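Here the structure is laid out as structure tokens; the discussion comes afterwards.
The values are calculated or read from the model by the stated rules, or taken from the named source; none is laboratory data. Because the structure is a prediction, the values reported are computed rather than measured. Don't worry about glycine lacking a Cβ; one is built from the backbone with ideal geometry, like all the others, and counts go over all protein chains shown.
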Amino acid sequence: MVHGLWPQYERGFPEFCQNPAPRLDRNVVSSMIDLMPSPRLIFREWDRHGVCSGLPARAYFETVRKARAMVKIPADYLEAAEPKTVTPAQVRDAFVAANPGLPHDGVAVGCDAKRLNEVRICLSKELQFRSCAEVDQRSCPRDQVLMPRVHASAQQPAGG
């Protein structure tokens, strides 16, 4: 699942750049359900970050799709039928190994008190992997986290 794509300054990021945000066409929303499986999430990410990209909605969501296609999810994480305990470093290292050119400080592993809840990947405007120290600094501080099982619908996108 893709949570979102947003512009990133070296420190911080812009959000809610236009209020109200331009309305999203329902066809754009429908086209993203396979990657962002909640219309509410799609609308929220557009309102909060998409308008800050400077792109029209269709181009922004096409960029989201291209960015997702750039990132290969490690095979062990695509086929997790049961929850497993991992370290944030193992997750980061697996993503770096699966994505040539992805620097260690271009990945941030997010967690809550017990679970892995996200992996953030930093890309340049040209959708190339890049370092991003500020994002990396916010990585999960836990020694271990529980990686939930992956639902059968989680698949690599075509070409990914």
message: Return the pair list, or none, for Cβ contacts closer than 7 Å from residues in segment 110-125 that are of a type in the set (Val, Ile, Thr) to residues that are assigned to a strand (DSSP E or B) and surrounded by 12 or more Cβ atoms within 10 Å (Cβ to Cβ), at least 6 apart or on different chains.
response: Val119/Val107; Val119/Val109; Ile121/Val107
message: Against the definition (among the hydrophobic types (A, V, I, L, M, F, W, C), closer than 25 Å to Lys114 by Cα, in contact (Cβ under 8 Å) with a residue 40 or more places away in the chain and surrounded by 14 or more Cβ atoms within 10 Å (Cβ to Cβ)), how does Val64 come out, yes or no?
response: no
- request: Kindly indicate the residue of segment 131-160 that is farther than 17 Å from Asp112 by Cα and among the hydroxyl-bearing types (Ser, Thr, Tyr) and also modelled with the highest pLDDT among those meeting that condition.
  value: Ser131
